[in-house]
Structures are given as C-alpha cells and as structure tokens.
Amino acid sequence: MKLNEVLYDDKERLLELAIFMSLNPHQLNEADGDWRSKFKQAAQKAGLKLGGSERGLLSTLSKVSKHISKIIYYAIKAKGGDRPARDELKKLVKRKATKEELIDFFFKLDTLTLSILTGPINIIDALTGWNIVGSLKDKGKTPNKRIKDAITALTKSIEGLSPKIKKRVSNNLDKIKKMVLTTEGRKSKITRREMKDAALIASFGVPTNKKKWKVSKRAAKRKFGEASSAAKNRYAEKHYRESGGTYR
C-alpha cells in the first residue's frame, strides 16, 4: 500500500475513534443506524469515508453487543481520569462481558486503533486481573510516530466539519495524543492499590464485603509490611474467609 493510502486509512480510523469518544452513554443504546449514520455524514464533510474497513472500530462494534461498546467507551473515559466512568466500567466488566469476548473483539480491530486503546485496555486489566494486553502481544503495534502523523493530518482535514463536531473531534484528538504519549513511558493513571487488588481478584474473585476486605488487607499489611508478595495476598485472602467474607 502506498504511503498516502496508509495515511488516508489512518485518518479514517482516527476519526472513527474521535467521533465515538464524542458520544454520550444514551446514544450507545440507540439503534445501530442512528449514530453510525451521523458518523458517516461527519466523515464525508472531512473528505473521508467511515466504515470502509472490516477491522475499523465502527465495523467491529457493529458485530458485537452494545455492552462491548459501552465497555470501550467507559474504558477510554476512565483512562482520561473520569472516576464515575471507572466505576461504571467496573460494573460492566463484572456483569456484562467475559475476558474471551473482549479478547475476540480486540483481535478483530485494526492495529492502529488497538495501539491507541492500549491504555484503556490496561485499565480493564487493572480492574479485572485478566491480562488482556498480554493475550494481544502477538497482534502487533502501530508505531507512535505514525499515529502522531495521522493526528496532524486529520487536524487539517476537519476544517469542513460543523463548529460543534469540529470542537469535539479536536478535543478528542488531543486526548488520543495523550493516550499515545502514556504508552511511551509517562505515568499511568492506574493506581498501585488497584494493581494489587487486581492480582487478588484474578486468583480468588471479587470480595462481596468491602469492610471486611479492608480489615483483612490491613491485617496482611501489619504482618508483611508495605511490599506486595504472594504470601501477603494469601494471608489477606485467608483472613477474609475466616472472618466470614465471601467472593463472587
């Protein structure tokens, strides 16, 4: 594929993601044609054609449940530091999707979109302990420079959009750029405590009694100190069970 064709395709994938990020949760409940048709109208004004790739975000989302769409939406918001979005994401990944469903979805995405979503996938992993990123390591990765070049090119192409859509897309391109920079070594927004809890959840399940779970973690901390270890995790789990705690 020629260089200008690659850049055009990259701009399409970026615009799909930027407009998807502009939606609100209620729109994700609408019939497929409603918000997807709005996507395509906006793309035409930018001189692009959305949905042309079978591996693009729109095409891939059209083949899965709306719950997957919501998980991706809230994971992106959570990566940006939105705490309510993180709480909503927790509920969704526990009740509405499986690790296998998400891995299958991400495998079907184009590499550029998947590369940009690495940060949000890390958030999902931190909340579940699923290590989806590790399962996708053979999928490949788009170089960050190529993503940045596409962002620069798309910024010039959105001049024909309505002021409202243009502002949203521009703001989301800035957010995408920050997500890409995070993968280059900047500090992640995943807390150390969440990573520790994720390891425990992966092994034992999700504690149903938060108060007892906090007491058990404090007991393990008193016995083993600050550093995380398998022995400390087992002690916290044992203490929690012995105090009557259960998992789901």
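Kindly indicate whether any position in the range 73-84 is at pLDDT below 65 and on the phi > 0 side of the Ramachandran plot.
No.
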Query raised in the report: Given the conditions (1) more than 19 Å from residue 24 (Cα to Cα); (2) more than 13 Å from the chain's Cα centre (by Cα), and given that residue 103 satisfies all but one, which numbered condition is not satisfied?
Result: (2)
Query raised in the report: When you scan the range 59-79, how many residues do you find that are touching a Lys or Arg at 6+ places or on another chain (Cβ under 6 Å) and either free of Cβ contacts under 8 Å to residues at least 24 places away in the same chain or within 17 Å of residue 172 (Cα to Cα) (or both)?
Result: 1
Query raised in the report: Here are some residues: 123, 158, 116. Which one is over 21 Å from residue 74 (Cβ atoms) and either charged (D, E, K, R) or surrounded by 15 or more Cβ atoms within 10 Å (Cβ to Cβ) (or both)?
Result: 158
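Name the residues in the range 221-238 that are in a helix (DSSP H, G or I) and modelled with pLDDT under 85, would you? Before you say what the answer is, go through the steps one by one.
Initially, the range 221-238 is screened for residues in a helix (DSSP H, G or I), giving 221-224, 230-238.
Result: 223, 224, 230, 231, 232, 233, 234, 235, 236, 237, 238.
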Report summary line: Here the residues within the range 209-239 that are within 18 Å of residue 129 (Cα to Cα) and touching a residue at least 24 places away in the same chain (Cβ under 8 Å) are 213, 228, 233, 236, 237
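The values are calculated or read from the model by the stated rules, or taken from the named source; none is laboratory data. None of the values given here were measured: they were computed from a predicted structure. Here Cβ is always computed from backbone atoms with ideal geometry, including for glycine, and neighbour counts include all displayed protein chains.
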